[in-house]
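Structure first, then comments.
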Amino acid sequence: MLSSKFAYLLGDLYFLAIWLYFFWKWPNRRKPLWVVGTLAIIVGVCAEYFWWTSDWWYPKTITGTRIGIEDILLSFTLPGISALVYKFFFNKDLDRKFELNKKTFFAAMRRLTPMVLISFGAAAVLFYFFHVASFISTPVGMLIAGLYILYFRNDLAAPVLWSALLVALISLPVYIFWQIAVPGFIDDFWNISRLSNFRIFGAPVEDIIWFAMAGFVMGGLVEYAFDHRLVDAKDA
């Protein structure tokens, strides 16, 4: 039986393997993978520290700290996977070469900043002022972020909706692995008393909803932030 100390890390390695496959498969999408993952690290680690490990789950890290390399790794890999999964399965690509320079970066920040402030603000108000659990407040904030993107870019409806479904499905093998390799891991490290106790293949439904919302937000993020359209890969 696998030590629970390494379970979180091995779960992350599953997502890293998918990220590396995308990185190898699509050389022209490598830069977006790096950009999205790097930008998401701070957001993911802060959310983990201030929200999720306060009332949702209490995972062990290899360093024995509240936040570990596992959180950084997941915050880096999952956004890139979420941003590419629809394009991969539906053979879509950006309408032109992805350029990252001072002009495009600051233009992207101008588009993203209001979205981040509104979605994080909503989640923070729900969590700190109305004491709504983080497994509800943060998916609500993520939902708002995805709807914000769709408000300005309704052409991205298919990417964000399909990404939500695909990322949720991709997450399930991790929970199946944990139940086989570390029996009792989910009951021990999730705050089951606060969750609905409704599960999908053993995974708390709240987690699956969170993964779906990650896909919902990230599925069209690159296109929205950097003002790209999606086309068939052969036409890119």
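Bear in mind these aren't lab numbers, they're just calculated from the coordinates by the rules spelled out. All values reported here derive from a predicted model rather than from experimental measurement. Please note: Cβ atoms are built from the backbone with ideal geometry, for glycine as well, and neighbour counts cover all protein chains shown.
Values for this structure:
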quantity: 37 °C / 0.692 mPa s Stokes-Einstein diffusion coefficient of segment 38-104, Kirkwood radius on C-alpha pairs, µm²/s; calculated: 231 µm²/s
quantity: Global geometry of segment 29-69, whether rounded, prolate or oblate, following the gyration tensor of its Cα atoms and the 1.5 cut on a/c; calculated: prolate
quantity: 13 Å beta-carbon shell around V36, net charge (K/R +1, D/E -1); calculated: +3
quantity: Debye, to nearest 20: dipole size of the chain, +1 on Lys, Arg Cβ, -1 on Asp, Glu Cβ; calculated: 700 debye
quantity: Calculated diffusion of the chain, Stokes-Einstein form, Kirkwood radius summed over Cα pairs, 37 °C and 0.692 mPa s, µm²/s; calculated: 180 µm²/s
quantity: Nitroxide proxy distance, nm - points 7 Å out along Cα→Cβ at K25 and I42; calculated: 3.1 nm
quantity: Cut-off under 5 Å, modelled amide H: who pairs with W190 long-range; calculated: Y58
quantity: In nm, spacing of pseudo-spin labels at V132 and T113 (7 Å Cα→C-beta vector); calculated: 2.6 nm
quantity: Coil-residue chymotrypsin sites (Phe, Trp or Tyr not before Pro) of segment 168-236, DSSP, other Cβ within 10 Å capped at 11; calculated: F198, F201
quantity: For the chain, with +1 on Lys and Arg beta carbons and -1 on Asp and Glu, the positive-most of L161, F90, F129 along the dipole; calculated: F90
quantity: Net +/- balance of residues flanking E48 in space, Cβ distance below 11 Å, scoring K and R +1, D and E -1; calculated: -1
quantity: Taking segment 4-235 and dividing mean pair separation by its residue count, relative contact order in percent (alpha carbons under 8 Å, at least six apart); calculated: 28 percent
quantity: Separation of the A181 and D227 label points, Cα + 7 Å toward Cβ, nm; calculated: 4.5 nm
quantity: Segment 81-94 - phi-based ³J(HN,Hα) in whole Hz, Karplus 6.51/-1.76/1.60, Gly and Pro as x; calculated: 4, 5, 6, 10, 4, 5, 4, 5, 6, 10, 6, 10, 8, 5
quantity: Charge context of F88, other residues only, Cβ under 12 angstrom, K/R +1, D/E -1; calculated: +3
quantity: Cross-link reach list, lysines versus K5, counting only Cα pairs under 19 Å and skipping chain neighbours closer than eight places; calculated: K60
quantity: Shape metrics for segment 81-175, restricted to C-alpha atoms - Rg then Dmax, Å; calculated: 15.6, 45
